[in-house]
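Input: a single structure, listed below in structure tokens.
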Amino acid sequence: MASQLTEQRMDAGFDAQDLRDEGGSSAVYAFDFQRPDRIAKSQLRSIHVLHENFVRSIVSSLSAYLRTYVVVNLISVEQVSYAEFLDRLPSPSCMACLDLKPFEGSAVLEINPSLVFPILEILLGGSGKIALNIQREVTEIEHELMEGLLRILLQDLREAWRPVAHLEFAVHSRDPEPQFVRVMAPTEAVVAVSIEMKLGESSGLINMAMPSLMMKMMRQKFDQQWSVRRTEPNAEEQQKAFSLIQESSVEIDARLDGAAIRTAELLRLKPGDVLMFDLPVQSPAHVLLNGRRQFHGQVVSTGRKRGIVLDNVDWS
């Protein structure tokens, strides 16, 4: 029998739609036809993991280059329009436009002024520990001083991307004003990466924007890398790992903590002297593996030897 669209069925359909709008189980997603190049959330998570590796690399690289302690944290990895990304940036700022060879298109790297000027102070022999609030454009000479730091950032970024794609990041232009950097259309979707960096009392953000369309083209490579990352080791690989650690040695110490003695008293000790530990008989002993406390137990006698019975395990 053919189905007929009656007025009652139309009313029932609208009622069901109203229920969903009021918080029903059916999810409704808005689709922006101006930004069809958005990538999947699963791929965005993979990009987040990739830039976590990048952050770990630049911690050691920048600390060695600046010869000071640097704290770096990945704040966010998200999809926004290029116009939204530019609106978040301070003005003026230190911006570099990057080529993404062998792919077409460009990326943008921005370093907040709150980081640029303390870094310049360190490069010129200062300590960089005092926060500087300087609101001006970076001069050409200062840009040249920042080239070394940019080179380190791009090298670590290239190594972080190597498991997915052999990208070559190269600076092709610089501009102090974010609104003048028109390397992409304002409505084009980009993957925006925000990294917080702390240097003494100064802190600021390092922001990057890469075209989502390029990420979308590499989706298969991301999926392959993610599947390899989650592969469980087979029996042969496990046996190989066990054979490598089989000959490892572990030092075990059992200690009764609590007693203390001055250095002068230690130097005056003679054979026959008695030391008072001031510990109850039932006091627990601590067992250390390679100097790290792992177990608790009770000291016992086993013939002419002393032993320890483990009570619990502390792997923290």
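Is at least one residue of region 125-132 within 22 Å of Thr68 (Cβ to Cβ), of a type in the set (A, V, I, L, M), in a helix (DSSP H, G or I) and more than 24 Å from the chain's Cα centre (by Cα)? There is no residue in region 125-132 that is within 22 Å of Thr68 (Cβ to Cβ), of a type in the set (A, V, I, L, M), in a helix (DSSP H, G or I) and more than 24 Å from the chain's Cα centre (by Cα). Residue check, Glu110 against (1) under 16 Å from Gly200 (Cβ atoms); (2) in contact with a strand residue (DSSP E or B) (Cβ under 9 Å, 6 or more places away or on another chain), all met but one. Which one? With (1) under 16 Å from Gly200 (Cβ atoms); (2) in contact with a strand residue (DSSP E or B) (Cβ under 9 Å, 6 or more places away or on another chain) applied to Glu110, the lone miss is (1). Of the residues making up region 96-108, those that are out of contact with any His (no Cβ under 8 Å at 6 or more places or on another chain) and crowded, with 22+ Cβ neighbours inside 10 Å are Ala96, Ala107, Val108.
Selection of first residues in region 207-224 that are small (Gly, Ala, Ser) and of second residues that are modelled with pLDDT of 85 or more and assigned to a helix (DSSP H, G or I), restricted to Cβ pairs under 9 Å at least 6 apart or on distinct chains, gives the following pairs, ordered by first then second residue: Ala209/Tyr82; Ala209/Phe85; Ala209/Leu86. Restricting attention to region 265-295, the residues being within 25 Å of Ser249 (Cα to Cα) and assigned to a loop (DSSP other than H, G, I, E, B) number 2. With respect to Leu100, determine if the residue is farther than 30 Å from Arg219 by Cβ and in contact (Cβ under 8 Å) with a residue 12 or more places away in the chain. Considered against the rule, which asks whether it is farther than 30 Å from Arg219 by Cβ and in contact (Cβ under 8 Å) with a residue 12 or more places away in the chain, Leu100 comes out as no.
Results for (1) touching a residue at least 24 places away in the same chain (Cβ under 8 Å); (2) basic (Lys, Arg); (3) loosely packed, with under 11 Cβ neighbours inside 10 Å, shown as yes or no for each residue.
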{"site": "Leu266", "(1), (2), (3)": "no, no, yes"}
{"site": "Lys270", "(1), (2), (3)": "no, yes, yes"}
{"site": "Met276", "(1), (2), (3)": "no, no, yes"}
{"site": "Ser283", "(1), (2), (3)": "yes, no, no"}
{"site": "Val287", "(1), (2), (3)": "yes, no, no"}
{"site": "Arg293", "(1), (2), (3)": "no, yes, no"}
{"site": "Arg304", "(1), (2), (3)": "no, yes, yes"}
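Say whether the condition of being of a type in the set (Val, Ile, Thr) and closer than 26 Å to Asp175 by Cα is met by at least one residue in region 77-94. Within region 77-94, one or more residues are of a type in the set (Val, Ile, Thr) and closer than 26 Å to Asp175 by Cα.
The values are calculated or read from the model by the stated rules, or taken from the named source; none is laboratory data. The structure displayed is predicted, hence computed values, not measured ones. As a convention, Cβ positions derive from the backbone with ideal geometry for all residues, glycine included, and neighbour counts pool all protein chains shown.
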